[in-house]
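Q: Take this structure first; my questions come after.
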2 protein chains.
Amino acid sequence: MTREKKNKAIGIRTPKAENFSEWYSQVCGLTGAELVDVNYGVGGLLVHLPNAVRIIRSIYQWLEKEVEDRGHEPVIFPTLIREQYLTLEKEHAGFTPEVFWVEAAGTKKIEERLALRPTGETQFYPMYARWIRSHSQLPFRRYQSRHTVFRYELSTRPFLRGREFLFFETHNCFASHEQVMTEITHDMETMRKVIWGKLKIPHLFLKRPQWDKFKGAEDTYVADTIMPDGKRNQISSTHDLGQRFAKPFGIKFSDPAGVERYVYQNCFGPGIWRIMAALIGIHGDDKGLVLPFDVAPIQIVIIPILSSDVAVNSNILAKCAAVEESLRAANYRPFIDATDRTPGFKFNEWEMKGVPLRIEIGRRDIDKGSAVINIRVLPGKVEVADSNLVEAIATASRNLDVHLEDSAGTYFADKIHDAETLDAAIAILDSAGGFVRVPFCSIGADGEQYGKILQEKTRGAYVCGVAFQDAERPRNRKCIVSGNEATELVYIARSH
Amino acid sequence: MTREKKNKAIGIRTPKAENFSEWYSQVCGLTGAELVDVNYGVGGLLVHLPNAVRIIRSIYQWLEKEVEDRGHEPVIFPTLIREQYLTLEKEHAGFTPEVFWVEAAGTKKIEERLALRPTGETQFYPMYARWIRSHSQLPFRRYQSRHTVFRYELSTRPFLRGREFLFFETHNCFASHEQVMTEITHDMETMRKVIWGKLKIPHLFLKRPQWDKFKGAEDTYVADTIMPDGKRNQISSTHDLGQRFAKPFGIKFSDPAGVERYVYQNCFGPGIWRIMAALIGIHGDDKGLVLPFDVAPIQIVIIPILSSDVAVNSNILAKCAAVEESLRAANYRPFIDATDRTPGFKFNEWEMKGVPLRIEIGRRDIDKGSAVINIRVLPGKVEVADSNLVEAIATASRNLDVHLEDSAGTYFADKIHDAETLDAAIAILDSAGGFVRVPFCSIGADGEQYGKILQEKTRGAYVCGVAFQDAERPRNRKCIVSGNEATELVYIARSH
């Protein structure tokens, strides 16, 4: 891959543990793993570079397969939304302060100004009102993928908060609220299969408190993970919209008895950017990016260790080519770095970019009919006979993924603590960070005042919610804020 | 697939030959092949329905594979462009009358207004100036796929002209102009392999006259096809940008001698929408959409022919399921229509949607251990023994594609005529339409005045250009407009 950079200090200069924010910027940038270039010239907008696009493409493909296997069909909607639709659902209208507005076309003002979509509800649902008429069409499942949405954010970070970011959304209509809840469990399963199963990103699936739900939802359910700086990163949300949009937009169906009813709706949005942030932040190390094997754009880099002997070198390069060929035939994504840089420089370069496996081939390997394999996150090297190479690569890739799964699991377990008092919770938030599980009086509207007090006293920790399934119930315990009888065990955390 | 429609007259009511425009709208719409819904509520914007999205996805995948095999790497750029960049190249600034402008964010006006990209040049090239510094990075090839661009068009048609439409673009930098010309031949080859090879869309690859090139290009090369109404449909363009953007944007590299030079550039854009329009228009018939086998979202529809005998019916449905299973295992995309509509209704429905093959399974087929296959564009049905079914499907799919290739080839040959005089050319344009190949004095700037006269006298025919390779040279013939010595054989046509 061409190195897209001008002369600059190259590499990861700040240890992850010393300053996560610095480290993260270095890994994302042109002198790191070359994921994005933030110098596009418009604040909050960035360019996604090939390494990031290839990773993101795999994530999209996995999510698309999951939802299509569940009967969601793909649609492509326009980028622009009529102002009157955006504001039709009263709570949802709360998006308007974050919206970019198109007010002119060519040299003319346009009559009704148009919003750059902040999310899809208000463009999908007027069409659903046109399309849906009978119970025989339900459940009605559609999704859009590989598009962007726009929010006028004041502060931005790559993959964490931006003014234009990558989106994936399903929008679904059902005959009953029970079916909505079943769909939400499927969304949770999709996150488990793809985001944990493929990307090894650990997370909790939570029900948000009433005062922190999506604008226009009855209830919001999320997947939350914890970044190494101890702050929460919401990586997906699925909303129980009830009939809150169905009524103003008039989405009705005739039931088997011929009675017109409003549909019940849900929508699901894995946060592609947020997932990338977690992938980079949780797995990465002081050398740079670390990627699970399946998602890596280059899975195996082959590095010729050249000598001063020209004849030997041509044998080495020929062997590298043969190895690349056999790996490609085995459906891997190998790459030979035959540039004239030193092996050490190449090792650092490809480790920084997160290539999971490295094969070194030098003079000794020609004589011995072998090659040397190194795994990105494990120490040492293994010498493998040529005849076993493809098999050894399969084993090495499994070892890498198992290691990432173990380390990510341990990492996440260390980010969840319990506390019985506000002071104890604050002490944990200030030291370890992460989630603190505490007794709380209510995640209903009546709990909001105490959620606000919590936020002040902890300097910014939110009530993230309760476990979606088998929520743990506190017994004879007091809310750490109100002192009232606790009805819930909630997870609190500071947030990105 | 769920039928997305309210009660309406269903089906294709207007014969293609009688009124192509009417027929085309019916095929595209909700009561036809369900490709788009134009009733989005904002003029010129439409919703792409699942049938269209699945077709378009295949086209994108084929194009992505072609360009990546040639070394193009994927990037994702923002949707918004700074006004000062859009207007930096003086001819390119001619896009501004067609641009949608973002002028407000939230409640505030924004300082420098932002354009919704009409095309990518002016967003890619400021970054190229940052990224490229050495000859070792050249050729530098990037592309963006599956995004949309925006033009404020006055009249719009689905897939032919819209205010937001689907885009694919490569942007490339080279050390020499020769390499640009080689790249353009690769672009022509990509069109031949994907657009003719896979989609069976016949086209000519032409060099446009100077007065009809892309805003900011040295030269523009296009793939043009002819729609059944006799009008030209430009389905791709590849531009020789020379150094016209490299200079204002400052895209330079140091050559092996260390001398700083400006790059030479080209960009290639297959028109995803225009390709869809050609696919629909050229292959379709009075029954509706016709699709080559590989691009069809549903390749084989399986229709149970049920009787009054419940026991037999369960055998029929079981056999349909078994057949679907075996076809899926053979990597086909089958679908069983087990709805309670009549077989005749189902036949029309799936023919209208362009499903290439139909399998009918009824009582007789249970007894005989057979099934009946019908090919969308060929008369008659074939009875096949169960044991030969998968093989018979492979044969039928080839027969369909061969038929489409032949008929499209014949169709296109009939759309190209020769004329030696303006009157003869006008007679052909008014009767057969299509391309008329005529002697012309020049496609350089000095020919423009005669191009304009041609346009007036023919009521709207353009000089589309000359054949890109082995351009035919007229000998001792006169330009049909100026009467001067003809230097070129040009193709003229009315246009969409």
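Q: With the other protein chains left in place, how much accessible area per residue, in square angstrom, belongs to the protein assembly as shown at a 1.4 angstrom probe? Each step should come with its number before you reach the end.
A: On the way: 36970 Å² over 992 residues.
Per residue, the protein assembly as shown has 37 Å² of solvent-accessible surface.
Q: Over all residues in B:423-436, what is the mean tally of Cβ atoms on other chains that come within 10 Å of each residue's Cβ?
A: 0
Q: What base-10 log of the normalised intensity I(q)/I(0) is obtained for the range A:103-179 from the Debye formula, alpha carbons as equal point scatterers, at q = 0.12, 0.15 Å⁻¹?
A: The computed values of log10 I(q)/I(0) come out as -0.53, -0.75.
Q: Working from the alpha-carbon coordinates of the range A:6-283, get Rg over Rh, Rh being the Kirkwood radius.
A: Numbers: Rg = 19.9 Å, Rh = 20.0 Å.
Radius of gyration relative to Kirkwood radius: 0.99.
Q: Moving on to the next point. What is the packing order of peptides A:12-25, A:167-180, taking the mean over residues of other C-beta atoms within 10 Å and listing the highest first? Write out the running numbers ahead of the final one.
A: Working: A:12-25: 16.0, A:167-180: 20.4.
My ranking of the peptides, most packed first, is A:167-180, A:12-25.
Q: Given the C-alpha atoms of the range B:416-493, compute the convex hull and give its volume per residue in Å³.
A: Once divided by residue count, the hull of the range B:416-493 is 76 Å³.
Q: Hey, another quick one. Work out the mean other chain Cβ neighbour count within 10 Å for the residues of B:43-51 and drop it here as an integer. Kindly include the intermediate steps, with their values, before the conclusion.
A: Values: counts 1, 2, 8, 3, 11, 6, 7, 8, 2.
Counting other chains' Cβ atoms within 10 Å and averaging over B:43-51 gives 5.
Q: Let me ask something else. Can you give the charge dipole size of the range A:416-493 about its Cα centre, rounded to the nearest 20 debye, using +1 on the beta carbon of Lys and Arg and -1 on the beta carbon of Asp and Glu?
A: Rounded to the nearest 20 debye, it is 60 debye.
Q: As a quick test, which of the pairs A:193/A:231; B:200/B:287; A:231/B:109 have an alpha carbon distance above 22 angstrom in this structure? It would help to have the intermediate numbers written out before the result.
A: Numbers: A:193/A:231 24 Å; B:200/B:287 19 Å; A:231/B:109 33 Å.
Going by Cα-Cα distance, A:193/A:231; A:231/B:109 fall outside the 22 Å limit.
Q: Work from the charge dipole of the protein assembly as shown (Cβ charges, +1 for Lys and Arg, -1 for Asp and Glu, about the Cα centre) and give the residue of A:393, A:408, B:84 farthest towards its positive end.
A: Final value for the positive-end residue is B:84.
Q: Please list, short to long, the whole-number percent of alpha-carbon pairs of the range A:149-276 in consecutive 5 angstrom bins beginning at zero.
A: For the range A:149-276, the pair-distance distribution reads 2, 10, 18, 20, 19, 14, 9, 5, 2, 1, 0, 0.
Q: What are the aspartates and glutamates whose alpha-carbon lies under 13 Å from the alpha-carbon of residue A:108, with same-chain residues fewer than 8 places away excluded?
A: Filter leaves B:98, B:103, B:153.
Q: Determine the principal axes of the Cα atoms in chain B, then give the extent along each, sorted from largest to smallest and rounded to whole angstroms.
A: 82, 57, 49
Q: With the dipole of the range A:199-352 worked out from charges on the C-beta (+1 for Lys and Arg, -1 for Asp and Glu) around the Cα centre, which of A:336, A:265, A:312 lies farthest toward the positive end?
A: It is A:265.
Q: Something else now. Check chain A for me: any Cys whose beta-carbon has no other cysteine beta-carbon within less than 4.7 Å?
A: Cys with no partner Cβ under 4.7 Å: A:28, A:173, A:267, A:320, A:464.
Q: Another question, then. For the charge dipole of the range A:6-283, defined by +1 on Lys and Arg C-beta atoms and -1 on Asp and Glu C-beta atoms about the Cα centroid, which residue among A:101, A:120, A:25 has the Cα displaced farthest towards the positive pole?
A: Positive-most Cα among the choices belongs to A:25.
Q: Give the Kirkwood hydrodynamic radius (Å, one decimal) of the protein assembly as shown, defined as one over the mean of 1/r across all pairs of different Cα atoms.
A: Value: 31.2 Å, from the Cα pair sum.
Q: If you average 1/r over every pair of different alpha-carbon atoms in the range B:327-394 and take one over that average, what Kirkwood value in Å do you get? Numbers along the way, then the final one.
A: Working: mean 1/r = 0.0780 Å⁻¹.
One over the average 1/r among Cα pairs gives 12.8 Å for the range B:327-394.
Q: Here's something else I'd like to know. Using only alpha carbon pairs under 8 Å that are at least six residues apart, calculate the relative contact order of the range A:322-459 and give it in whole percent.
A: Details: 105 pairs, mean separation 17.2, N = 138.
It rounds to 12 percent for the range A:322-459.
Q: In the range B:85-105, which residues become less accessible by 40 Å² or more once every protein chain is in place, relative to the chain on its own, using a 1.4 Å probe?
A: By number: B:100, B:101, B:102, B:103, B:104, B:105.
Q: What quantity of accessible surface, computed with a 1.4 Å probe and excluding non-protein components, is buried in total between chains B and A, in Å² to the nearest 100?
A: Its buried surface, counting both partners, is about 6000 Å².
Q: Give the residues of the range B:357-381 whose amide nitrogen is closer than 15 Å to a point set 7 Å from the Cα of residue B:387 in the direction of its Cβ.
A: Label zone hits: B:368-371.
Q: Using the alpha-carbon atoms, what tilt in degrees (0 to 90, nearest 10) does helix A:422-431 show relative to the longest principal axis of chain A?
A: Once rounded, the angle reads 30 degrees.
Q: Counting partner chain Cβ atoms within 10 Å of every residue's Cβ in B:64-77, what's the average?
A: Counting other chains' Cβ atoms within 10 Å and averaging over B:64-77 gives 4.
Q: Could you tell me the relative contact order of chain B? Use alpha-carbon pairs under 8 Å, at least six residues apart, and round to a whole percent.
A: Working: 985 pairs, mean separation 65.8, N = 496.
Relative contact order of chain B: 13 percent.
Q: Now for a different question. Quick one: grab the alpha carbon gyration tensor of the range A:151-218, order the square roots of its eigenvalues as a ≥ b ≥ c, and give me rounded if a/c is under 1.5, else prolate or oblate depending on whether a/b is larger than b/c. Could you put the intermediate results ahead of the total?
A: Values: a/c = 1.93, a/b = 1.28, b/c = 1.51.
Here the range A:151-218 falls in the oblate category.
Q: Under unit Cβ charges (Lys, Arg +1; Asp, Glu -1), what dipole magnitude, rounded to 20 debye, does the protein assembly as shown have relative to its Cα centre?
A: Dipole size: approximately 1200 debye.
Q: Along its three principal axes, how long is the range B:59-103 when you only count alpha carbons? Whole Å, largest extent first please.
A: Principal extents (largest minus smallest coordinate, Cα): 37, 22, 17 Å.
Q: Please list the non-local residues whose amide H lies under 5 Å from the amide H of residue A:296, H modeled 1.01 Å from N, same-chain partners needing a gap of 5 or more.
A: Those qualifying (amide H under 5 Å, at least 5 residues apart or on another chain) number zero.
Q: Once phi is turned into θ = phi - 60°, what whole-Hz ³J(HN,Hα) does the Karplus curve with 6.51, -1.76 and 1.60 give for every residue of the range A:340-348, x standing for Gly and Pro?
A: Rounded to whole hertz, the list is 8, 6, 6, x, x, 4, 5, 3, 4.
Q: Could you give, in nm with one decimal, how far residue A:423 is from each other copy of that position, shortest first, with labels 7 Å out from Cα toward Cβ?
A: Shortest to longest, the spacings are 10.8 nm.
Q: Another one. Please report, as a whole percent, how much of the solvent-accessible surface of the protein assembly as shown comes from carbon and sulfur atoms (probe radius 1.4 Å).
A: Within the protein assembly as shown, the accessible surface is 51 percent carbon and sulfur.
Q: Still on this model: Which value, in debye to the nearest 20, gives the size of the charge dipole of the range A:300-396 about its Cα centre, when Lys and Arg are +1 and Asp and Glu are -1 at the Cβ?
A: I would put it at about 200 debye.
The values are calculated or read from the model by the stated rules, or taken from the named source; none is laboratory data. This structure is a prediction, so every number in the text was calculated from the model and none was measured. When we count neighbours, we look across all protein chains shown, and the Cβ atoms used for this are built from the backbone with ideal geometry, even at glycine. Accessible surface areas use protein heavy atoms only, side chains included; no ligands, DNA or RNA. Shrake-Rupley method; radii C 1.70, N 1.55, O 1.52, S 1.80 Å.
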